Amino acid sequence: MSSHWHYQLMYHKYEHPQLGEAGYYAIHEYYEMDGEGSWTEDPVDVTCNSIEGVKRSLRLMLQDIDKHGVKDYEV
C-alpha cells in the first residue's frame with residue numbers, strides 16, 4: 001500500500017458560466033493511493049513563516065504543475 005501527494009493544478013467548471021468564463025484554475029493537494037486519486041476540497045494557499053518558505057512552496061507548486069499538468073475538479 002503506497003501513497004504520496006503532490007500539488008495539482010485543477011480546473012473548476014462553474015455550474016453557470018460567470019462573466020463569459022466557464023471556470024477557473026486552482027491548486028490543490030492531490031493524494032494518490034493504490035492507483036486512485038483524491039484531493040483537498042478547497043484549494044491551497046501559500047502561507048509560510050518566512051519569505052524563503054513562500055518561495056519554496058511556489059517552486060514546488062510550479063514543478064508539480066509542469067510534471068502533472070491539469071486535472072478536472074470533479075465533485
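When residues of segment 48-75 are filtered for being over 13 Å from the mean Cα position of the chain (by Cα) and in a helix (DSSP H, G or I), how many remain?
Adding up the residues that qualify gives 7.
Can you tell me which residue among SER50, SER38, SER57 is loosely packed, with under 10 Cβ neighbours inside 10 Å and among the hydroxyl-bearing types (Ser, Thr, Tyr)?
It is SER50.
Among the residues of segment 29-75, count how many are in contact with a Ser or Thr (Cβ under 6 Å, 6 or more places away or on another chain) and under 11 Å from MET10 (Cα atoms).
1
Could you check segment 1-47 and list, in sequence order, the residues that are part of a strand (DSSP E or B) and either in contact with a helix residue (DSSP H, G or I) (Cβ under 7 Å, 6 or more places away or on another chain) or among the hydrophobic types (A, V, I, L, M, F, W, C) (or both)?
TRP5, HIS6, TYR7, GLN8, LEU9, MET10, ALA22, ALA26, ILE27, MET33, TRP39
Coordinate-derived values only; no laboratory data. Computed from a predicted model, the values in this text were never measured in an experiment. Neighbour counts run over all protein chains shown; Cβ positions are idealised from the backbone, glycine included.
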